[in-house]
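Below you'll find the structure, written out as C-alpha cells, and then a few comments.
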Amino acid sequence: MPGSVDAAGSERPLTPSNALGAPVVAPEPSARQADGPGDPSTTAWWRRVPPVAGTLTASDGRSIGTVTILGTDGDTLTITVAGDPALPAGATRAVLTSPDGREEDLGVVTPDMRGVAFVLGATSAERLPDPVHALELRGPGGRVVASAVLLPV
C-alpha cells in the first residue's frame, strides 16, 4: 500500500483524514452494535429512510389515493396503500421498486379494497431494494395500473 514520506524520509501508511487533514479515528468493529442503526452508509434503506409517502396516481395522471411507509418499531415496517375511494380496477399486486429495476412483490391487492396494509418484519424488510423509490400497483401480466413515487416526509 502506498504511503506518505515524513520529514525524516520514512514512509508511513496513508490514514483517512477530515477536510482539515487531521487523522480520523475509525471506530473499532466490536464497538458497533449488531442490532443498532450502525453506519448510515451501510444501514438498510428501511431502517434509515422512512417515513416516506407518495400520491397514488393512475396511468392517466389522476390522483387516486396515497401510499405511506412507516417504521412502526425497530423491527417492523408498515406499508399502507389507500385508494380514494377504492384501489383501481385491474390491480392485483403491490410491488416496491428501485431506480435500478430491482423490486419486491408485497402481495395481493384487489379493486374492491379501499386500502391494504403490509407489515414486514425485519427479515422480510431486509429483502427490499435499496433504495426503494416507488410503489406500483400491477395488473395481470405485470402491467402498471397505478404508481406512487415515494419521498421522505
Check your understanding: For the range 99-105, in order, what is each residue's ³J(HN,Hα) by Karplus, 6.51 cos²θ - 1.76 cosθ + 1.60 with θ = phi - 60°, in whole Hz (x at glycine and Pro)?
Key -> x, 8, x, 6, 8, 9, 6
**Study point:** Under-5 Å amide H pairs with Ala146, H placed in peptide plane, nonlocal only
**Key:** Leu137
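Looking at the range 45-153, which GluC sites (Glu not before Pro) are DSSP coil and have at most 14 other C-beta atoms within 10 Å of their C-beta? Intermediate values should be presented prior to the final figure.
Numbers: sites: Glu103, Glu104, Glu126, Glu136; in loops: Glu126.
Listed in order of number, the matching sites are Glu126.
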Check your understanding: For the range 84-134, which trypsin sites (Lys or Arg not before Pro) are in a loop by DSSP, counting at most 16 other Cβ atoms within 10 Å?
Key -> Arg102, Arg114, Arg127
Study note, to complete from the structure: Under the Karplus relation with 6.51, -1.76 and 1.60 and θ = phi - 60°, whole-Hz ³J(HN,Hα) for the range 148-153, x at Gly and Pro, equal 9, 7, 9, 10, x, 10
Check your understanding: Accessible area per residue of the range 80-148 at 1.4 Å probe, in Å²?
Key -> 47 Å²
Check your understanding: Ranked from the most accessible area to the least, with a 1.4 Å probe and all protein chains present, what is the order of Thr72, Thr78?
Key -> Thr72, Thr78
Point to revise | Rg/Rg_globular for the range 51-153, with Rg_globular taken as 2.2 N^0.38 Å and Rg from C-alpha atoms | key: 0.98
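The values are calculated or read from the model by the stated rules, or taken from the named source; none is laboratory data. What you see is a predicted model; the values in this text were computed from it and never measured. Backbone-built Cβ (ideal geometry, glycine too); neighbour counts: all protein chains shown. Surface accessibility is based on the protein's heavy atoms, side chains included, excluding ligands, DNA and RNA. Shrake-Rupley method; radii C 1.70, N 1.55, O 1.52, S 1.80 Å.
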